[in-house]
1. When the accessible area of the chain is computed with all protein chains present and a 1.4 Å probe, what percentage of it is carbon and sulfur?
2. Please give the peptides 347-360, 451-464 ranked by average Cβ packing (other Cβ atoms within 10 Å per residue), highest first, as a rough proxy for protection.
3. Rounded to the nearest 10 degrees, what's the angle between the helix 410-420 long axis and the longest principal axis of the chain, both from Cα atoms, 0 to 90?
4. Where in region 335-349 does the label zone of Gln203 land, with the point 7 angstrom along Cα→C-beta and an amide N cut-off under 14 Å?
5. Might you report the magnitude of the Cβ-based charge dipole of region 302-355 about its Cα centre, with Lys and Arg at +1 and Asp and Glu at -1, to the nearest 20 debye?
6. Of all trypsin sites (Lys or Arg not before Pro) in region 95-153, which ones are in loop regions per DSSP and have a Cβ with at most 12 other Cβ atoms within 10 Å?
7. Aspartates and glutamates near Lys454 by alpha-carbon distance under 12 Å, same-chain residues fewer than 8 away left out - which ones?
8. Please determine, in degrees from 0 to 90 and to the nearest 10, the orientation of helix 123-132 with respect to the longest principal axis defined by the Cα atoms of the chain, where the helix direction is its Cα long axis.
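The values are calculated or read from the model by the stated rules, or taken from the named source; none is laboratory data. Here the structure is a predicted model, which is why all the values come from computation and not from measurement. Note: ideal-geometry Cβ built from the backbone for every residue, glycine included; neighbour counts use all protein chains shown. The accessibility values were calculated without ligands, DNA or RNA, using every heavy atom of the protein model including side chains. Shrake-Rupley method; radii C 1.70, N 1.55, O 1.52, S 1.80 Å.
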Amino acid sequence: MVSRVIPVDPFDLVIFGGTGDLARRKILPGLFRRFNSGQMPEEARIIGAARSDMGREAFQDMIRRAVEEFGGPHDPEALTEFVGRLDYVAVDAMGDGGWEDLKGKLRAGVVRAFYFSVGPSLFGALAERLRGFGLADDDSRVVVEKPFGHDLASARALNVTLREHFHEEQIYRIDHYLGKETVQNLMAVRFGNMLFEPLWNAQYVDHIQITVAETVDVGGRGGYYDKAGAMRDMVQNHLMQLLCLIAMEPPARFEPDSVRDEKLKVIRALDPVDYHQIVRGQYEADDSQPGYRAHVDNQRSTTESFVAMKLAISNWRWAGTPFYLRTGKKLRARASEIAVVFKDAPHSIFGPEAGTHRNVLTIRLQPNEGMTLGVTIKEPGPGGMRLIDVPLDMSFADALGPDAEDVPDAYERLIMDVIRGNQTLFMRGDEVEAAWAWTDPIIEGWTARGDVPKPYDAGSSGPEDALMLMHKDGRKWRDIRV
Ligand code: BG6
């Protein structure tokens with residue numbers, strides 16, 4: 001049932017930071033899977049580029065080990081064939097070394113893409129040298145990773161730098177949440193069915209909850225994370241993208257600018273958030289494990305590892321329907337879902353003793369991707385009309401059967417989209433800037449007030465105050481569970 005694999009055009013893909021963590025954990029294992037599925041044509045070449053002076057063979061060995069460790073089950077012969085396609089060039093991002101060598105490896109007449117899997121401080125230097133040494137032209141593509149800036153000013157500066165060398169149509173800003181199968185399914189569910197869209201507004205929807213809960217801590221990434229916090233690391237990008245897909249108007253077409261125009265309108269319609277409507281948290285140590293402050297090696301840290309908030313979208317569709325968002329590390333379960341909670345029926349013909357019941361559409365993003373619609377039915381058996389809620393449950397794994405295993409992960413899909421030249425699932429520059437414009441005042445407010453996050457237990461659902469955020473509105477978060 002999974003769609004046919006259509007090979008992409010021949011390409012040269014250069015990965016700057018090719019020996020780094022992201023390349024080894026995600027990008028190259030992902031490319032291997034696409035190779036295995038037959039999507040990568042014979043003429044595709046992947047070139048790692050980094051500062052280290054290692055040769056081609058050492059790079060191939062490194063990537064073989066990375067795929068073995070992070071790539072899941074694999075056929076060793078296919079892996080040998082795949083790593084045989086890999087090449088490596090030592091390049092000095094800030095100097096002249098290696099650029100002519102790299103240029104010598106690139107071929108004419110194939111798609112040329114440059115993946116900047118490096119810190120944003122190198123984006124400008126790389127872009128300038130790609131043009132200066134004649135490696136990139138107006139058809140080449142550049143792929144950049146988050147964090148795309150630290151605030152509005154730095155994101156703008158990055159956009160200016162990149163656009164000095166490339167057109168917006170050449171720049172692919174990755175938010176890997178947009179590459180997730182179920183995230184794209186949000187659009188299919190909304191715009192491929194007649195059932196939901198007529199009800200998808202403030203008249204019928206009481207509220208929407210978006211939860212991205214993680215069990216992992218920040219261990220190993222403390223240096224970066226302590227400067228970012230959950231707001232910059234997750235809300236400004238991943239949760240914002242989910243919110244946009246849930247709340248946007250139907251785009252006229254499933255095309256890059258149609259979709260991104262609609263997402264941008266949602267971000268621009270967000271009200272500023274009052275600080276009473278936000279709860280920040282930080283996980284504490286327990287008997288067996290260190291807490292956040294030990295993980296980031298900063299005993300006075302006031303950075304949040306959890307955030308929950310209530311948002312309002314000021315437009316005709318959503319005025320009056322709150323959106324509750326929460327995300328955090330070290331929570332009870334790794335569970336991400338969106339719940340659309342519909343309003344009560346206007347009048348119960350069954351009387352008060354039957355109770356009030358609400359329909360809830362839950363879209364599970366990970367794990368156990370799928371959708372559940374809570375519907376109200378009569379409790380079977382005699383004894384009058386008593387109502388109960390039952391789930392209409394659809395797990396995508398059940399629906400797709402064994403094919404579900406072939407569903408590409410976010411990175412593989414997005415890289416293939418770069419080669420195809422399809423920007424629909426990438427963030428446009430103005431979208432990123434609008435998200436920062438909304439985020440900045442919230443973070444500035446915390447700094448100005450000297451806000452200290454509320455402690456929460458590892459393995460919990462976050463701080464008590466986050467529960468109160470909904471309780472005071474007479475609502476309740478859904479349980480965080482797999
Ligand atoms: C990254 C964040 O962008 O997304 C991490 O920097 C986070 O902190 C990760 O853990 C979550 O991604 P996923 O795909 O595991 O939900």
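1. Result for the chain: 51 percent of the exposed heavy-atom area is carbon or sulfur.
2. Peptide ranking by packing, descending: 451-464, 347-360.
3. Long axis of 410-420 versus the principal axis of the chain: about 60 degrees.
4. 343, 346
5. That gives a dipole near 360 debye.
6. On the way: sites: Lys103, Lys105, Arg107, Arg112, Arg129, Arg131, Arg141; in loops: Arg107.
Here the sparse-neighbourhood loop sites are Arg107.
7. Glu284, Glu304, Glu464, Asp465
8. 40 degrees
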